[in-house]
Amino acid sequence: MSGRYLLDTNIIIALFAEEALVKTNLGQASTVFIPSITLGELYYGARKSGRTQANLSKIDELVASSAILVCDAHSAQQ
């Protein structure tokens with residue numbers, strides 16, 4: 001499956017857990033979008049984890065190769 005993907009927290013966690021189907025599908029994506037709210041959830045979880053620095057690094061690496069979508073009042077209306 002190629003195309004554009006909008007990721008939620010659960011899919012990103014599955015990606016970090018190296019789930020084969022998720023990795024395969026995202027490997028074929030032309031563009032990956034991550035909502036800023038999802039990033040907040042991931043950073044919160046990473047800071048609460050036992051592997052804080054490793055998890056923060058994974059998130060930062062993903063952010064570097066993804067388009068981040070900002071959610072504001074106008075976005076919510078759409």
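Among the residues of this structure, LEU15 counts as one that is surrounded by 10 or more Cβ atoms within 10 Å (Cβ to Cβ) and touching a residue at least 40 places away in the same chain (Cβ under 8 Å).
Out of curiosity, is TYR43 at pLDDT below 95, under 11 Å from the mean Cα position of the chain (by Cα) and open to solvent by less than 90 Å² (accessible area, probe 1.4 Å)? Can you show your working first?
Values: at pLDDT below 95: no; under 11 Å from the mean Cα position of the chain (by Cα): yes; open to solvent by less than 90 Å² (accessible area, probe 1.4 Å): yes.
So TYR43 does not fit the description; no.
Every condition in (1) surrounded by 11 or more Cβ atoms within 10 Å (Cβ to Cβ); (2) modelled with pLDDT of 95 or more holds for SER36 except the one numbered (2).
When each of ASN55, ASN10 is tested for being part of a helix (DSSP H, G or I) and exposed (fewer than 15 other Cβ atoms within 10 Å of the Cβ), the lone residue that passes is ASN10. Apart from one condition, PHE33 fits all of (1) in a helix (DSSP H, G or I); (2) under 17 Å from VAL63 (Cβ atoms); the exception is (1).
Touching a Ser or Thr at 6+ places or on another chain (Cβ under 7 Å) and open to solvent by 70 Å² or more (accessible area, probe 1.4 Å): is that true of GLN28 in this structure? I'd like the intermediate steps shown before the answer.
Working: touching a Ser or Thr at 6+ places or on another chain (Cβ under 7 Å): yes; open to solvent by 70 Å² or more (accessible area, probe 1.4 Å): yes.
Judged against the criteria, GLN28 is a match.
The values are calculated or read from the model by the stated rules, or taken from the named source; none is laboratory data. In this text the structure is predicted, and so the values were computed from the model without any measurement. Methodologically, a virtual Cβ is constructed for each residue, glycine included, from the backbone with ideal geometry; neighbour enumeration extends over all protein chains shown. All accessible areas refer to the heavy atoms of the entire protein, side chains included, with ligands and DNA or RNA removed. Shrake-Rupley method; radii C 1.70, N 1.55, O 1.52, S 1.80 Å.
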